[in-house]
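The values are calculated or read from the model by the stated rules, or taken from the named source; none is laboratory data. Keep in mind that this is a model prediction, so the values were computed, not measured. Note: ideal-geometry Cβ built from the backbone for every residue, glycine included; neighbour counts use all protein chains shown. Ligands, DNA and RNA are excluded from the accessible area calculation, which covers all protein heavy atoms including side chains. Shrake-Rupley method; radii C 1.70, N 1.55, O 1.52, S 1.80 Å.
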Amino acid sequence: MSGQRDENPSGADGRRRAEGASRGGVRTERPGEGGRVPAPRPGGRAEARRAAQGKDGRGRTDGARAEGGRKDGGRADGARAEGGRAEARRAAGGRRAEAAPTGGRAAARNSRKPKRNVKKTVAWSVAGVMVVLAGCGGAIYYKLNGNIKSFDAGAVSTDRPPEATADANGNKPVNVLLIGSDSRAGKNSDLGGGDEDGARSDTTILLHVYADHKHAVGISIPRDALVTIPKCKLPNGKWTEEKPGQMFNSAFSVGNTETGNPACTQNTVEKLTGIRVDHTIEVNFEGFSAMTQAVDGVDVCLPNDIYEGNINPNLGKKGKIVLPKGKQKVSGQKALDYVRLRHGIGDDSDVGRMKRQQAFLSSMMAKVKGEGLNPTTLLPLADAATKSMTVDPGLDSAKKLMDFALSMKNIDLHDVKFLTAPWRYNGPRIDLVHPAVDNLWKTLQADRTIDGQDATGKQEDAPASPTAAPETTSAAPTPAAVETPIKVAVYNGTTANGLAAKAAETLKAAKVTVTTVTGAKSTNKATTTVEYGSGQKANAERVAALFPGATLTPTSAAGISLVLGKDYAAANAGAAAPAAGTPSVPAPLPSEVVSEARSADDDICSNVSYG
């Protein structure tokens, strides 16, 4: 539920907009809750010098300098612990410490900032900030560890999809469910939490981290999508009955508690997608607000001015401008206003709001990446994030979060994609579109990127040691191993399973490096073809000799591609099927679905509204 005052979370249509605007407003990750690390102790210039060097009174690196115990209307901002006795007194008194550093201190601090021409690696901005734990002292580690809350493992359904299987190199995809909750509990009501008791899921994104740990995709699930809510555990220990045709975000409200029911949302996502959720992370409004302040704001963009009346349609007047048109940096309440905004932009729908949430999450990732592993920024961010988190038991410690974050540290921003599950309006609700949405889930199950690339990590393997060539029904002798290094991408142009893998083994046995093993865009290829770019004809002929009957086709694309046809399928009718549990190659996603995806490094002003 977005929590804007004209919206009713439980589906009471009397207060909903009757124009059929979708409610799919998934919220971007709502990290961190207070964002505070213990304030530095006053101590005059000596203390300020230690703070400027990133150390506390015992010479130990600490995050106090970044937060300083500062309070401002319930917000937690990083106080600069520099400026002598007056600054130290302000930090100790919990007041805002904003004296601008001067002279050598500013130069010293600037010299500590990481250069921005480093590789664009990103550890996802909610759990990813935990990377800093690797360099933390014990006291900070245990502080963060004590922040984390987990939900009841017994509330997770026993009827679950199978776990993903690791390949020969131990590569395995990870699926993480991100939930942004809307509740009036605690300080959330001051930040625009829902107008009714209980909690609702304001944002739900299924993050799929591919087995190669170089790609990730976040799928926004519209909150008003009509789905089947499976059996879920209530606070009294009883289980509900399965309910079809329910709004997706109602799963989080099962039990009507102030803390919500993340386990029920996880059960619903697994029921909907057929994908096993490895981890679930739920973050509330208060934590989201603190987290945006801990990183000193996030860059966003709007196509037009947003007024008080757009933020609160019940205000009865246009009011003042809250968020101006164009690029700007937002934090705290204004960051919440941006990600929760529905009215006054596009068609006033949650579909557009999901786009802005994806843009915000992308921008926040870029911000964290730009700061590098800087304790001044990351310790307050980690504190804010962990205070606001409710996680599954598999992530219920700082170490587990750290291990998970480190596993994603090498993902380039461009290889993090976001899109919304294929949808269409159904009056004031949303239907997920079949078979497009089914193909999307199958694409993730097969660990393929949304543009059809194999991201299992198998294509990164070194060429196999020479072995006897696999038997085929062809009587042609197996050609000798090629003498010069050749790289080939293998595509299965048929509906037969296992062909690309079999052809890849043939190539590897001939000392050919296989760069890709995946399905072709068309699965109706009659004849096996070796496509080659400029200067590759001789190598292409050597590859074609390994596949009797293959034809050569010059193309404008670089490199060599082997596209298997029905002739190869017929000749290898006995080809081994994929191992049990290995998904077949899914049909390509519709172009309109792929074209709507955004990369985490896209322009912040692009694709931020709908209609």
Which of the numbered conditions does LEU440 fail, given that it passes all the others? Conditions: (1) over 27 Å from GLY559 (Cα atoms); (2) modelled with pLDDT under 90. (2)
Residues (closer than 25 Å to GLY370 by Cα, open to solvent by less than 50 Å² (accessible area, probe 1.4 Å) and in contact with a helix residue (DSSP H, G or I) (Cβ under 7 Å, 6 or more places away or on another chain)) located in segment 298-332: VAL298, VAL300, LEU323, VAL330, SER331, GLY332
When segment 522-545 is checked residue by residue, the ones that are in a helix (DSSP H, G or I) and open to solvent by less than 20 Å² (accessible area, probe 1.4 Å) are ALA540, VAL543, ALA544
I'm checking my understanding of the structure. Among residues of segment 329-354 that are of a type in the set (Lys, Arg) and within 14 Å of ASN310 (Cα to Cα), which one is modelled with the highest pLDDT? LYS334
Answer yes or no: is there a residue in segment 373-380 that is modelled with pLDDT under 85, open to solvent by 10 Å² or more (accessible area, probe 1.4 Å), in contact with a Pro (Cβ under 7 Å, 6 or more places away or on another chain) and not basic (Lys, Arg). yes
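Take segment 248-280 and flag every residue that is of a type outside the set (Val, Ile, Thr), open to solvent by less than 20 Å² (accessible area, probe 1.4 Å) and either in contact with a Phe, Trp or Tyr (Cβ under 6 Å, 6 or more places away or on another chain) or outside any helix (DSSP H, G or I) (or both).
PHE252, GLY260, ASN261, PRO262, ALA263
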Do any residues in segment 447-461 that are under 10 Å from ALA211 (Cβ atoms) and of a type in the set (Gly, Ala, Ser) have Cβ atoms under 6 Å from those of residues that are open to solvent by 30 Å² or more (accessible area, probe 1.4 Å) and at pLDDT 85 or above, where the two are at least six apart or on different chains, and which pairs are they? ALA455/HIS215
Of the conditions (1) among the polar types (S, T, N, Q); (2) assigned to a loop (DSSP other than H, G, I, E, B); (3) modelled with pLDDT of 90 or more, SER556 satisfies every one except a single condition; which number is it? (3)
Residues of segment 212-233 satisfying the condition of being open to solvent by 50 Å² or more (accessible area, probe 1.4 Å) and of a type outside the set (D, E, K, R): LEU226
I'm trying to understand the selection: among the residues of segment 521-551, which are under 16 Å from ASN492 (Cα atoms) and of a type in the set (Asp, Glu)? GLU531
Would you confirm whether or not segment 386-394 contains a residue that is within 18 Å of ASN147 (Cα to Cα), surrounded by fewer than 18 Cβ atoms within 10 Å (Cβ to Cβ), among the small types (Gly, Ala, Ser) and in contact (Cβ under 8 Å) with a residue 12 or more places away in the chain? yes
If you go through segment 409-421 one residue at a time, do you hit one that is surrounded by fewer than 17 Cβ atoms within 10 Å (Cβ to Cβ), under 24 Å from ILE148 (Cβ atoms) and at pLDDT below 80? yes
Checking the condition over 19 Å from PHE288 (Cβ atoms), in contact (Cβ under 8 Å) with a residue 40 or more places away in the chain and open to solvent by less than 40 Å² (accessible area, probe 1.4 Å), which residue from PHE360, PHE404 passes? PHE404
Restricted to segment 442-455, and to residues that are assigned to a helix (DSSP H, G or I) and not aliphatic (A, V, I, L, M), which residue is most open to solvent (accessible area, probe 1.4 Å)? LYS442
Where residues in segment 423-441 are in a strand (DSSP E or B) and under 13 Å from VAL593 (Cα atoms), which of them is most open to solvent (accessible area, probe 1.4 Å)? ARG424
Restricting to segment 559-608, what's the tally of residues that are in contact with a strand residue (DSSP E or B) (Cβ under 8 Å, 6 or more places away or on another chain), more than 22 Å from THR523 (Cα to Cα) and at pLDDT below 90? 1
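Listed residues GLY138, GLY180, GLY146; which is buried (at least 23 other Cβ atoms within 10 Å of the Cβ) and modelled with pLDDT of 50 or more? Full working, then the answer.
Numbers: GLY138 fails: buried (at least 23 other Cβ atoms within 10 Å of the Cβ); GLY146 fails: buried (at least 23 other Cβ atoms within 10 Å of the Cβ).
Unique residue meeting the criteria: GLY180.
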Looking at THR228, THR273 in this structure, which one is touching a strand residue (DSSP E or B) at 6+ places or on another chain (Cβ under 8 Å), over 19 Å from LEU178 (Cα atoms) and in contact (Cβ under 8 Å) with a residue 40 or more places away in the chain? THR228
